[in-house]
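The values are calculated or read from the model by the stated rules, or taken from the named source; none is laboratory data. Since the model is a prediction, treat every value here as computed from it, not as a measurement. Every residue, glycine among them, receives a Cβ derived from its backbone with ideal geometry; neighbour counts consider all protein chains shown.
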C-alpha cells in the first residue's frame, strides 16, 4: 500500500464496507481475543474499536507502512487498552518465542509477501494453546468465480497496492504449524466481486 492508498484507505476503500457490515464482522472475528494480544498488519487501526472491552491485558499492533502507522497511533484511544505500535512485517516479528496468548489479523495475508512465513512467525510467537483469529478475503470455492479471480489478479494487485485476490488462505493456514478450529465462509460487504469471498475463523497452537 503506497502513501496515497494509505491516506484514502479508511474513507474511500473501506468506508462503504465498514458501514455495510464489515465492522460487525471484525467484531465477530476478534470476539475471543484475550490476554496479551498481538495484531499483525494493523493498518490504520480499524480493528481497535472491534476488540472486546474486557479480557485483553496487552495489545501490540505491528504495521510496516509508516503512513498507516501514523493513523493507527492517532486512533489508539479506540482500543480497550493502551496500544503499543511496532514497525514490523508479519514475516519478521521482533518478539521472543511464546510471547502472546493471541494473535489477530484481518485482511493481511492477501498482501503478505510470504503467507507461509507469516504463519510460521505467528506460531512462533504464540504460547502453547494460544489462538490465531483471522478475517481474510480468499479464493472462491466456486470454480468459475476462482478462474475470474485468477484472470483479474495481476490487475487487482497493481491497482490495490499489492493485494492478491485469489489466495487459498485456508489451505495455507491448514498447512502451517497451527490447527484450524473454526472456518466460516461469508461475503465481503460492498466489495468488488473478485474479493467477495470472506473467511472468518480461528486456529490454535497445540499445547506441549
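Observations
- Screening residue 157 against (1) under 20 Å from the mean Cα position of the chain (by Cα); (2) over 28 Å from residue 100 (Cα atoms); (3) touching a residue at least 12 places away in the same chain (Cβ under 8 Å) leaves a single unmet condition, (3).
- Test: residue 114 is farther than 17 Å from residue 197 by Cα and at pLDDT below 95: no
- Residue 203 meets the stated requirement of being at negative phi, touching a strand residue (DSSP E or B) at 6+ places or on another chain (Cβ under 7 Å) and in a strand (DSSP E or B).
- If you go through the range 176-200 and keep only what is buried (at least 18 other Cβ atoms within 10 Å of the Cβ), over 16 Å from the mean Cα position of the chain (by Cα) and in a helix (DSSP H, G or I), you end up with just 194.
- Subset of the range 162-175 [assigned to a loop (DSSP other than H, G, I, E, B) and under 16 Å from the mean Cα position of the chain (by Cα)]: 162, 163, 164, 165, 166, 167, 168
- Residue within the range 110-124 that is under 18 Å from residue 25 (Cβ atoms) and touching a helix residue (DSSP H, G or I) at 6+ places or on another chain (Cβ under 9 Å) present: yes
- Selection from the range 131-154 of residues that are in a helix (DSSP H, G or I) and in contact with a strand residue (DSSP E or B) (Cβ under 8 Å, 6 or more places away or on another chain): 145
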